[in-house]
Amino acid sequence: MPVIKNEYQGRKPDEFRILLGLEGYPDSRNIKTYIEKSNGYKALEKVLKGGMSSEDVINTVKASGLRGRGGAGFPTGLKWSFVPKGPGEKYLITNFDEGEPGTYKDCYISEVTPHSLVEGKIIASYAIGAKKSYIYIRGEFHNEIRWCQEAIKEAYAAGYLGENIMGSGFTHHMDVYSGAGAYICGEETGLISSLEGKKGQPKLKPPFPAIKGYLGKPTVVNNVESLAVVPWIINNGPEAYKKFGTEKSPGTKLFNVSGPIAKPGCYELPLGYPLMRFINEDCGGLIGGKKLKAIIPGGSSAPALTAKECENLTLDYEAIAGAGSMLGSGAIIVIPEDVSMVSVLENLMDFYAHESCGQCTPCREGTGWLYKISKHILKGKGTKTDMDRMYSIANNMRGKTICVLSDAAADPARAIVTKFAHEFEPYLKG
Amino acid sequence: MPIFSPELTKTIEGFLTRYETKRSSILPILHAIQDEKDWISDEDIDALEKNFGLSAVDVREVLTFYTMYRQTPPKPYRFEVCKSISCWLMGANDTIKTLRHEIEKAEKEGRPLPFEIHGVECLGQCGYAPSTLINKDRHNNVTPEKALQLLKEYSAKELPKAAVLCATNLAAKAQK
Ligand code: SF4
Ligand code: FES
């Protein structure tokens, strides 16, 4: 099991701020604060004026080991390197469609440090050769839309966006695009369709967006957090970044905690941080001293882990995958002893049944039936056969669909039905 | 009365040239219409086709897919309470129940309130649960008590411009 490096043992989360260094400053969103207090736009200068080629930028990010922070954890530098070189239009799109229940870190980044995102986006666009980029943001995020727009406007005024930036010959334009209430637009191909003014329904891959994305042109879709950390990596170098975290999961990551916990919030931690130390010490434990029943470690798509499984677990991609779940977006949902897992299942399935885009039969029908059956059981009308039925429906939903929403519903359902089978018994008729 | 105000017409024209394709402007245009008129009617879609060359089929595809667009006239304030897992764990159902009860009670007493209540999916504020939106205003940690307080506060406010326009348009239509 990966352990966090010794030099970090005993230190508090606020000593690991790479991305959230401006937390607590009154005008942290302002470009002036970003420039003065956070080395703002120094990385962009280093890239454009210091003679870094796009290859150099990609190699630096590759060397840092940064993995996509949206959920899938794919290496960011590698993703950039898939974009064909040479002339032709290319696009960079930031996925700010944060809609996974439990997850609120990207909102927090735009609240504290939107310029990190803007600067990271310009650098990433330079690396892949994109003259235009978008921030695709959920329509419900009225404040965040405003904050991003203001940051972009300030960056234009300061000459970090527009034609021939800092005399380097590199031109880049950025815009915000607001979604309209569809969770599935967080899936990259669904997001691209939505940006094209269509239904946000996912498409089969391949072709991957890096080859054929927005308007059929090469497109990179990156999460807010993955891009916002890029300026720090360029400024401080990949080796400095790798000092944080574990060997396979380097760096820090934002973790957001929700549910009945004393100090919910968004914390920056080095990957590999011990989960229970985080919950009990840094987050102050459960409200009212209640006992922990389960944790959903990576947003609602991640299979729940029992309290026992959480003991000795560390917060990094490998350890959580090893425990049969996933780190996902880093959203930790805490479930106390007095909440029935039958109703947790019903709540989760309600969400996925509502959000399935309906293209694939296993997903459309499967999420609907999992929701209906769990509701039925919750009312005390279920039987033992219903338990088997749920398990088999979930099995038939896995890996058979266009996108992973189907798996995102099936995996948590399977985990709850098997790990917490005893909790269902009192609800079953026989 | 023209179907879109001069300002809205200008906004729409701006969107049509802002993106790579005209079609990309459909989502922002629908947001803008809704911001001004509170909902999107069949007449609005016809006008988008006739006056701005957007295919009515393309517009309808978007309108019916995304939950944020309203296809019927709404009440002046939409009180949306997140009911997804983190908010649910923190008592979102009680907040929704309390709000519904209060509104029904007021209705029965002959003093209808200008609200609709919706349980919605995650609003991206899970640590400050239950999270809510009233139109575009975010309110967090909305316990049943705080929810009732918000009903009072908003009832005492002047109605939003879009709601007033929506009511005027409906009255004019009814007269015809
Ligand atoms: S898996 Fe579900 S959400 Fe994904 S494309 Fe198929 S139906 Fe749509
Ligand atoms: S679960 Fe309610 S805001 Fe995310």
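Tabulated values for the structure
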item: Residue ranges of helices (runs of 4 or more DSSP H) in the range A:31-76 with at least 1 members without any contact (Cβ under 8 Å) to a residue 24 or more places away in the chain and in the same structural domain as A:Ser110 (by the TED database); result: A:31-37, A:54-64
item: Matching entry among A:Lys290, A:Lys242 (being out of contact with any Cys (no Cβ under 7 Å at 6 or more places or on another chain) and within 14 Å of another protein chain (Cβ to nearest Cβ)); result: A:Lys290
item: Listing of helices (runs of 4 or more DSSP H) fully contained in the range A:335-430 that carry 1 or more residues being touching a Ser or Thr at 6+ places or on another chain (Cβ under 9 Å) and within 16 Å of ligand 1 (Cβ to nearest atom); result: A:341-355, A:361-378, A:384-397, A:405-419
item: Helices (runs of 4 or more DSSP H) wholly inside the range A:103-189 containing at least 2 residues that are open to solvent by less than 10 Å² (accessible area, probe 1.4 Å) and more than 14 Å from every other protein chain (Cβ to nearest Cβ); result: A:114-128, A:142-157
item: Total residues in the range A:190-221, condition open to solvent by less than 10 Å² (accessible area, probe 1.4 Å), outside any loop (DSSP other than H, G, I, E, B) and within 22 Å of B:Pro28 (Cβ to Cβ); result: 9
item: Unique residue being at pLDDT below 95 and more than 16 Å from ligand 2 (Cβ to nearest atom) when the list is A:Leu327, A:Leu370; result: A:Leu327
item: Residues located in the range B:38-48, provided they are closer than 9 Å to B:Ile3 by Cβ and open to solvent by 20 Å² or more (accessible area, probe 1.4 Å); result: B:Glu43, B:Asp46
item: Strands (runs of 3 or more DSSP E) contained in the range B:84-176 and holding at least 1 residues in contact (Cβ under 8 Å) with a residue 24 or more places away in the chain and either within 14 Å of chain A (Cβ to nearest Cβ) or surrounded by 14 or more Cβ atoms within 10 Å (Cβ to Cβ) (or both); result: B:115-120, B:132-134
item: Test: residue in the range B:107-120 that is farther than 19 Å from B:Leu159 by Cβ, of a type outside the set (Gly, Ala, Ser) and either within 9 Å of ligand 2 (Cβ to nearest atom) or touching a helix residue (DSSP H, G or I) at 6+ places or on another chain (Cβ under 8 Å) (or both); result: yes
item: Flag for A:Tyr183 being among the aromatic types (Phe, Trp, Tyr), within 27 Å of A:Lys105 (Cα to Cα) and over 17 Å from the mean Cα position of the chain (by Cα); result: no
item: Residue list for the range B:62-80, restricted to those being open to solvent by 50 Å² or more (accessible area, probe 1.4 Å) and within 16 Å of ligand 1 (Cβ to nearest atom); result: B:Thr64, B:Thr67
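For every residue, the table says whether it meets (1) crowded, with 19+ Cβ neighbours inside 10 Å; (2) more than 30 Å from B:Gly124 (Cα to Cα); (3) touching a residue at least 24 places away in the same chain (Cβ under 8 Å).
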position	(1), (2), (3)
B:Glu13	no, yes, yes
B:Lys50	no, yes, no
B:Asp58	no, no, yes
B:Cys82	yes, no, yes
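The values are calculated or read from the model by the stated rules, or taken from the named source; none is laboratory data. On a predicted model such as this, the values are computed, not experimentally measured, just so you know. All Cβ positions, even for glycine, are placed from backbone atoms using ideal geometry, and neighbour counts span all protein chains on display. With ligands, DNA and RNA removed, areas are computed over all heavy atoms of the protein, side chains included. Shrake-Rupley method; radii C 1.70, N 1.55, O 1.52, S 1.80 Å.
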